[in-house]
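S.K.: Take a look at this one; I'll ask things after.
The values are calculated or read from the model by the stated rules, or taken from the named source; none is laboratory data. Computed from a predicted model, the values in this text were never measured in an experiment. Reconstructed Cβ throughout: ideal geometry from the backbone, glycine too, with neighbour counts over all protein chains shown. Just so you know, the surface numbers come from the protein's heavy atoms only, side chains and all, with ligands and any DNA or RNA stripped out. Shrake-Rupley method; radii C 1.70, N 1.55, O 1.52, S 1.80 Å.
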Amino acid sequence: MGAKLFCWPQGSPGIAMMLRALLLTGLLSWANGQEGQAMLPEEKSQIRDQIVEMFDHAYGSYMKYAYPADELMPLSCRGRVRGLEPNRGDIDDSLGKFSLTLIDTLDTLVVLNKLDEFEDAVRKTLRDVRLDNDVVVSVFETNIRVLGGLLGAHTMADMLRQRGDRMQWYGDELLHMAKELGHRLLPAFNTTSGLPYPRVNLRYGVLNPLSRTGTESDTCTACAGTMILEFAALSRLSGEAVFEENARKALDVLWEKRQRGSDLVGTVINIHNGDWVRRDSGVGAGIDSYYEYLMKAYVLLGDNVYLERFNTHYRAIMKYISQPPLLLNVHMHNPTVSVRSWMDSLLAFFPGLQVLRGDLKPAIETHEMLYQVTKQHKFLPEAFTTEFRVHWGQHPLRPEFAESTYYLYKATGDPYYLRVGQSIVEKLNAHARVPCGFAAVQDVRTGAHEDRMDSFFLAEMFKYLYLLFSEKNQLHFDIDDYIFTTEAHLLPVSLSTSQPPCRGNNTEAPTAAEEDLFTYSCPSTQTLFPNNPSFAKTIRDSYKYLTGVGRAFHASPVRGIELPLHDHGMEPVEFLRSMGVSLTPLSEAGSTGTRGEVHKGVYRVKLVAEVTQTTEEEEVEPLLVQLISPPFLGRTVLTAGPAKFGMDLTKQEHGVKGSIVKTSPYTACGPIENAEELSGHIALALRGDCMFAAKAHRLQEAGAIGVIFIDHREGSNSAETPLFQMVGDGGSTADITIPLVFLFSQEGALLTSALEDHSNVDVLMLPKERRLDKPLGKMNIKFRLAEEGELEDGEEGEARGPTLQFVLEKGEVVLEEEEYKQQGDSCLTPGDDHIPCSYGQTAASPPSHSPNDPNTDP
């Protein structure tokens, strides 16, 4: 997400005075009066030069080792070409064999004053890039990265050409490429609702038999609602209204489908009938840039409709989702209920959007919380709990935190935010820099790298960091003449006067919702900081030791309890509940004390913990995965965790048996490539990249009869880490009917090793108390002595089956097997006494046992 530093009034009603400048005027002079150490111009210049050197290292590595591939693999020092590297699922939908990183970086070169490199990169783009490849790509990612990159580069090239000293040869070729790409994306909008398909084939569209797409029924809210800036800019620059009209219609549908009681939207919606598929609502992944684009569409296009919609949503966000400093997901139909106790890193853009609106206090609070998390973990984990523990440890070098830092500095002039920016620069160099670029962090707890450098790192991170340490007079163009897209591409705000809004783009009659000072106008600095230049600091200080990092000890009237909670991905509150401990927030415990300091974690709790009799549903009942095929024969037993959805194995008398097959892709976060092989078998899938429920849906549709999820965190094991129950993704999981279990990585390694060593591995998934304690290989049968000639006189035409023939000959028993018709499962002695015998067993053979024998003694 990016934002311009000016609001542009468009005849808003009831506002006598409209201010064009957002927050900047007069604030920089306050720096010396604030507590944070001021940064001298020389130091800012030195850091700015360091940022340029880092960019040169990243961009130079891409051009040297990867171009014309879409992305750089910084650990392998080569390009990532789709189809030549292992499939990563949905992540690869960004790659279209169109030199993604080059296009995404074009306008960054101009911002960093690398004009020679920019001109050379434009020539390479025109010469080498094709947009008609037979590749299925994400409509959302291709729009913000490639279409936005082409439009931003055209805007910069046109600006330089008009100055008269560069790009005189340029004839709008980038705009022509953008128009071609726009037409290749348009088929995605061919739905009954107007919401776009999530994917499109660049050559064949969506519904063509050769397109290999068009079967999808769902898309995320952000995917459908993050088209208007690029598509409207393309319409107004090219004169073809079709792009803006389609993007506007998609926004209209999302607006109409909002929950009228709460004014919130869900995360995933059906593109054909407009029904919500996932009803959890927040400001992070799946929704984030929908809100951003409503606000920015008003700024770019001058249409009050978008601002009115944004303000309606923003009031709902601040009422239900914002719990300063947290931003929690709630249920759109019941917004007083939080649906999860963790946050994802994409919400780090939101303080920057709040700055654009002028709501600085919550922006400062949330940003400070995020900064404290980065101090604890070096980077923002992809997801972290409300107690600031790691939920998902990955960090793919996302720029949203740097973006919000940039806007808060421009709004407040507080040198504190320069120091925050400096820490980002230092951590990138210390923990992400590698010889061939910068590598994503696979786990912030271990610092392990991932062979990945996404294009947004060059498109966004270096823009925001460079601008943070630059004065306006040090830039070669006026940054305030442009607005940033969500990918930080630059679009000219002059587009608001070049063409009137689309016809019929209206909301219903205005509601009577109350307005605040900043509903239609930008805030004045005096309103925000009434004679108080340390305003931002007074807000931050309340959250300074939020995560406990760097905190001095102070006696507290609230007793704390230290519990051995590990970063194992389980919700801590649920873990406590499973122990029979319930925690009551101070606000609910009748506390009459003064507003005290915030303790580690979010929940300020008084010691009203009580031991309760836990119900059966609250307990985490261990499950087992038992290897029953040779050579294991039941002797290898792995402890597994259950799921809160899918088949309840505790109600299955004999468990679920099947052969295991490894899923492709292993994470099961994309289309299943080996569905035929999986059908009728138990699937092995790696944890990570998407939710358990999403994986289970895909694998069940592929025909799997069960799923064993394996932890992706190296070294985890059931002996040291408490078991937890896998939870859903906020949507419906009632249609998931297959059994699901979870193995930690050490137990999972035993299973995958067995599969590598043996062509077929059968397992039994069952509750711990029904474990087959006796190794398999022994079974009891009964026999009787047949009459002479009976075995030879089977009726003609009857099916013959395997049986045992015991012939008494000279006092010896000879065992032989022959084909004969089924005689039932009982053999009798002459005296009708049942006696046991062993089938297929010699003195040297191990005992075996039928896993389906109901007489088995567990």
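S.K.: Restricting attention to region 651-677, which residues are surrounded by 16 or more Cβ atoms within 10 Å (Cβ to Cβ) and in a helix (DSSP H, G or I)?
M.R.: Ala675, Glu677
S.K.: Taking the residues in region 84-102 that are of a type in the set (A, V, I, L, M) and under 14 Å from Arg199 (Cβ atoms) as candidates, determine which candidate is surrounded by the fewest Cβ atoms within 10 Å (Cβ to Cβ).
M.R.: Pass one, region 84-102, residues of a type in the set (A, V, I, L, M): 84, 91, 95, 100, 102.
Next cut, under 14 Å from Arg199 (Cβ atoms) only: 91, 95.
Numbers: Ile91: 19, Leu95: 23.
If we take residues in region 84-102 being of a type in the set (A, V, I, L, M) and under 14 Å from Arg199 (Cβ atoms), then Ile91 is surrounded by the fewest Cβ atoms within 10 Å (Cβ to Cβ).
S.K.: Then there is this: For Leu237, are the conditions met, namely being surrounded by fewer than 24 Cβ atoms within 10 Å (Cβ to Cβ), under 23 Å from Gly670 (Cβ atoms) and assigned by the TED database to the domain that holds Asp344? Lay out the reasoning, then the answer.
M.R.: Working: surrounded by fewer than 24 Cβ atoms within 10 Å (Cβ to Cβ): yes; under 23 Å from Gly670 (Cβ atoms): no; assigned by the TED database to the domain that holds Asp344: yes.
So Leu237 does not fit the description; no.
S.K.: Continuing with the same structure: Are any of the residues in region 201-208 touching a residue at least 60 places away in the same chain (Cβ under 8 Å) and either farther than 30 Å from Asp120 by Cα or in the same structural domain as His697 (by the TED database) (or both)?
M.R.: Keep residues of region 201-208 that are touching a residue at least 60 places away in the same chain (Cβ under 8 Å), which gives 201-204.
From what's left, either farther than 30 Å from Asp120 by Cα or in the same structural domain as His697 (by the TED database) (or both): 204.
Yes, some residue in region 201-208 is touching a residue at least 60 places away in the same chain (Cβ under 8 Å) and either farther than 30 Å from Asp120 by Cα or in the same structural domain as His697 (by the TED database) (or both).
S.K.: Can you name the residue in region 759-770 that is surrounded by fewer than 16 Cβ atoms within 10 Å (Cβ to Cβ) and in a loop (DSSP other than H, G, I, E, B) and is also modelled with the lowest pLDDT among such residues?
M.R.: The extreme case among them is Ser759.
S.K.: Considering each residue of region 184-193, count those that are hydrophobic (A, V, I, L, M, F, W, C) and surrounded by fewer than 21 Cβ atoms within 10 Å (Cβ to Cβ), and give that number. Lay out the reasoning, then the answer.
M.R.: Pass one, region 184-193, residues hydrophobic (A, V, I, L, M, F, W, C): 185-186, 188-189.
If we keep only those that are surrounded by fewer than 21 Cβ atoms within 10 Å (Cβ to Cβ) too, we end up with 186.
Residues flagged as hydrophobic (A, V, I, L, M, F, W, C) and surrounded by fewer than 21 Cβ atoms within 10 Å (Cβ to Cβ) within region 184-193 amount to 1.
S.K.: Follow-up question, since we're still on this one. Which residues, counting only those in region 103-142, are touching a Pro at 6+ places or on another chain (Cβ under 9 Å), part of a helix (DSSP H, G or I) and surrounded by 19 or more Cβ atoms within 10 Å (Cβ to Cβ)? Steps first, answer last, please.
M.R.: Taking region 103-142 as the starting set, the residues that turn out to be touching a Pro at 6+ places or on another chain (Cβ under 9 Å) are 124, 128-129, 138-140.
Filter once more, so that each one left must be part of a helix (DSSP H, G or I): 124, 128, 139-140.
If the condition is that a residue be touching a Pro at 6+ places or on another chain (Cβ under 9 Å), part of a helix (DSSP H, G or I) and surrounded by 19 or more Cβ atoms within 10 Å (Cβ to Cβ), then Val139, Phe140 are the ones that fit.
S.K.: Same structure again: Could you tell me which numbered condition Ala430 fails, if it satisfies all but one of (1) open to solvent by 10 Å² or more (accessible area, probe 1.4 Å); (2) in a loop (DSSP other than H, G, I, E, B); (3) among the aliphatic types (A, V, I, L, M)?
M.R.: (2)
S.K.: State yes or no: is Val441 over 27 Å from Gly688 (Cα atoms) and open to solvent by less than 10 Å² (accessible area, probe 1.4 Å)?
M.R.: Working: over 27 Å from Gly688 (Cα atoms): no; open to solvent by less than 10 Å² (accessible area, probe 1.4 Å): yes.
No.
S.K.: While we're looking at this one, here's another question. Within region 211-260, which residues are at positive phi and in contact with a Lys or Arg (Cβ under 7 Å, 6 or more places away or on another chain)?
M.R.: Start the filter on region 211-260 by keeping residues that are at positive phi, which leaves 212, 214, 239.
Correct list: empty.
S.K.: Which of (1) under 24 Å from Asp443 (Cβ atoms); (2) part of a loop (DSSP other than H, G, I, E, B) does Ala685 not meet, given it meets every other one?
M.R.: That leaves (2) as the condition not met.
S.K.: Is it the case that region 372-383 has a residue that's modelled with pLDDT of 95 or more, in contact with a Cys (Cβ under 9 Å, 6 or more places away or on another chain), in the same structural domain as Glu71 (by the TED database) and in a loop (DSSP other than H, G, I, E, B)?
M.R.: Within region 372-383 (the criterion being modelled with pLDDT of 95 or more, in contact with a Cys (Cβ under 9 Å, 6 or more places away or on another chain), in the same structural domain as Glu71 (by the TED database) and in a loop (DSSP other than H, G, I, E, B)), the answer is no, since none of the residues qualifies.
S.K.: Checking Val81 against (1) within 21 Å of Phe438 (Cα to Cα); (2) open to solvent by less than 10 Å² (accessible area, probe 1.4 Å); (3) not polar (S, T, N, Q): exactly one of these is not met. Which one?
M.R.: Every listed condition holds for Val81 apart from (2).
S.K.: OK, next. Do you know which residues across region 66-102 are under 25 Å from Glu216 (Cβ atoms), assigned to a loop (DSSP other than H, G, I, E, B) and either in contact with a helix residue (DSSP H, G or I) (Cβ under 8 Å, 6 or more places away or on another chain) or not hydrophobic (A, V, I, L, M, F, W, C) (or both)?
M.R.: Scanning region 66-102 gives Asp70, Arg82, Gly83, Glu85, Pro86, Asn87, Arg88, Gly96, Lys97, Phe98.
S.K.: Now for a separate question. Looking only at region 144-183, how many residues end up being open to solvent by 50 Å² or more (accessible area, probe 1.4 Å) and either part of a helix (DSSP H, G or I) or outside the structural domain of Gly225 (by the TED database) (or both)?
M.R.: 8
S.K.: Among the residues that make up region 476-494, is at least one of them assigned to a helix (DSSP H, G or I) and within 17 Å of Leu234 (Cβ to Cβ)?
M.R.: Kept after step one, since they are assigned to a helix (DSSP H, G or I), are these residues of region 476-494: 479-481, 493-494.
Of the ones still in play, those that are also within 17 Å of Leu234 (Cβ to Cβ) are 493-494.
Among the residues of region 476-494, at least one is assigned to a helix (DSSP H, G or I) and within 17 Å of Leu234 (Cβ to Cβ), which makes the answer yes.
S.K.: Do we have any residue at all in region 720-742 that's open to solvent by 40 Å² or more (accessible area, probe 1.4 Å) and more than 30 Å from Val268 (Cα to Cα)?
M.R.: Among the residues of region 720-742, at least one is open to solvent by 40 Å² or more (accessible area, probe 1.4 Å) and more than 30 Å from Val268 (Cα to Cα), which makes the answer yes.
S.K.: Restricting to region 358-373, name every residue that is within 20 Å of Gly447 (Cα to Cα) and either surrounded by fewer than 21 Cβ atoms within 10 Å (Cβ to Cβ) or more than 19 Å from the chain's Cα centre (by Cα) (or both). Write out each step before concluding.
M.R.: Narrowing region 358-373 to residues within 20 Å of Gly447 (Cα to Cα): 370-373.
Matches in region 358-373: Tyr371, Gln372.
S.K.: Return a yes/no flag: does region 184-201 have any residue that is of a type in the set (Ser, Thr, Tyr) and part of a helix (DSSP H, G or I). Outline the logic, then answer.
M.R.: Within region 184-201, the subset of a type in the set (Ser, Thr, Tyr) is 191-193, 197.
Still in the list and also part of a helix (DSSP H, G or I): none.
No, because not a single residue in region 184-201 is of a type in the set (Ser, Thr, Tyr) and part of a helix (DSSP H, G or I).
S.K.: Taking the condition in contact with an Asp or Glu (Cβ under 6 Å, 6 or more places away or on another chain) and among the aliphatic types (A, V, I, L, M), does Leu638 pass?
M.R.: Details: in contact with an Asp or Glu (Cβ under 6 Å, 6 or more places away or on another chain): yes; among the aliphatic types (A, V, I, L, M): yes.
In short, yes.
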